Amino acid sequence: MATSVRAGRDGSPPPAAPPSSPGPRGRRAAPGGRRSTLYRWDLKATPYVFVAPFFLTFAAFGLFPLIYTGWLSLHRVELGGEASWKGLENYSDLATSEFFWNALLNTFTIGVISTVPQLLMALGLAHLLNYKLRARGFFRVAILAPYATSIAAATLVFAQLFNTDYGMINSLLGWFGFDPVNWESSKWPAQIAISVIVTWRWTGYNALIYLAAMQAVPQDLYEAASLDGASRWRQFLSVTIPSIRPTILFTIIVSTIGATQLFGEPMLYGGSVGISGGSGNQFQTLSLLMYEKGWVTGALGQASAIAWVMLLLLLLIGGVQALVSRHHRKKLGG
């Protein structure tokens, strides 16, 4: 500062400052430099690198089998043979096949008589566990035990219980004066027995889902209902059910999808004739029919067509769920 003042008094211009050489910091901060370009590419590409394993796995084990199954459904394919074009003939054969309609009807009936009692019992158990009980933690773990049990082990145990000759169920019916029931060869008894297995296995799982939804309901609603003189049953109907309605809808859709894909329980319950759904196809589901067409008779084209019909049914169920959810949201918004 003093030098510039003295230079001004003498009338001579002040000395020019030496030019500053660009240092390493200047090179890093230069716009458009190599490192800044790499930095921008790193910001854009890193998220895709992290999610790439999922999409690669889905493409290999989900998308490709789906597309390939659709291609097979349009061809005549047998194990060990070459594919020949059939177009929609496999689907038209299903439309005229009594085995397909029988399997579709069995899938629907078993789904209804297993899903409805299952969800009603799950609601009741969740409502009981939502209150302060002794050993509440033990009961919450205990009701999940059937879900952790192997399908094969549970089905074999229930097959012994429902055995026509020496099963415990027929013994209990005999004590009350009823005749023995043929739980394997008769249509409705066999479907009821399979539904009992499904209900036993999934009730606790759905009960825990309902319990989690019930614990998220504000306690102020119950206190206000109690002050108005509402009983516990009235609180359950007027407060709990409306509050967890989206969760109930979710479990209905998931249970329906599971019933559509029912395979292990009927196959193991039927024993040697489990793949055909009993001696008279009385409990053959769509999944069992698909397995029989593909790996017993070797008609992979027809099995692929059944798989795509099941996919269309699941998409239809999902569309109905979306419409119901939208209607519910509009109703709440209105």
**OP:** Find the accessible area per residue for the chain; the probe is 1.4 Å, ligands and nucleic acids are left out, and the unit is Å².
**Re:** 64 Å²
Original post:
Can you pull the percent of the chain's accessible area that's carbon plus sulfur, 1.4 Å probe, other chains left in place?
Top reply: 67 percent
Subject >> Additional length obtainable on full extension of the chain from W188 to Y68, 0.36 nm per residue less Cα span >> reply: 39.5 nm
Subject >> Debye intensity ratio I(q)/I(0), log10, the range 230-292, q values 0.18 Å⁻¹ (C-alpha model) >> reply: -0.66
Original post:
If R0 is 41 Å, what FRET efficiency do you get for L144 and W233 from their C-beta distance, rounded to 0.05?
Top reply: 0.95
**OP:** Rank N130, Y91, L316 by how far each Cα sits towards the positive end of the charge dipole of the chain (+1 on Lys, Arg Cβ; -1 on Asp, Glu Cβ) and give me just the farthest.
**Re:** N130
Original post:
Using a simple spin-label model with points 7 Å from Cα along the Cα→Cβ vector, what separation in nm is obtained for S97 and T57?
Top reply: 3.3 nm
**OP:** Name the residue farthest towards the positive end of the dipole of the chain from the options I169, L119, T46, assuming +1 on Cβ of Lys and Arg, -1 on Cβ of Asp and Glu, about the Cα centre.
**Re:** T46
Original post:
Which net charge results for the neighbourhood of I194, defined as the other residues with beta-carbon distances under 15 angstrom from its beta-carbon, given Lys and Arg at +1 and Asp and Glu at -1?
Top reply: 0
Subject >> W200 accessible area, assembled protein chains, probe 1.4 Å, Å² >> reply: 100 Å²
**OP:** Give me the accessible area of L289, 1.4 Å probe, in Å² rounded to the nearest 10.
**Re:** 10 Å²
**OP:** Any chance you could run the full-extension gain for W175 through A135? It's 0.36 nm times the residue separation minus the Cα-Cα distance, nm to one decimal.
**Re:** 10.9 nm
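First check a/c for the chain, with a ≥ b ≥ c the square roots of the eigenvalues of its C-alpha gyration tensor; if it is under 1.5, answer rounded, and if not, answer prolate when a/b is larger than b/c or oblate otherwise.
oblate
Report, in debye and to the nearest 20, how large the dipole of the chain comes out about its Cα centre when Lys and Arg carry +1 and Asp and Glu carry -1 on their Cβ. Numbers along the way, then the final one.
Values: 25 positive and 15 negative charges, 506 e Å.
Roughly 2420 debye for the chain.
The values are calculated or read from the model by the stated rules, or taken from the named source; none is laboratory data. Fair warning: this is a prediction, and the values are worked out from it, not measured in the lab. Ideal geometry is used to build each Cβ from the backbone, glycine not excepted, and the neighbour counts take in all protein chains shown. In case anyone asks, the SASA skips ligands and DNA or RNA and just uses the protein heavy atoms, side chains included. Shrake-Rupley method; radii C 1.70, N 1.55, O 1.52, S 1.80 Å.
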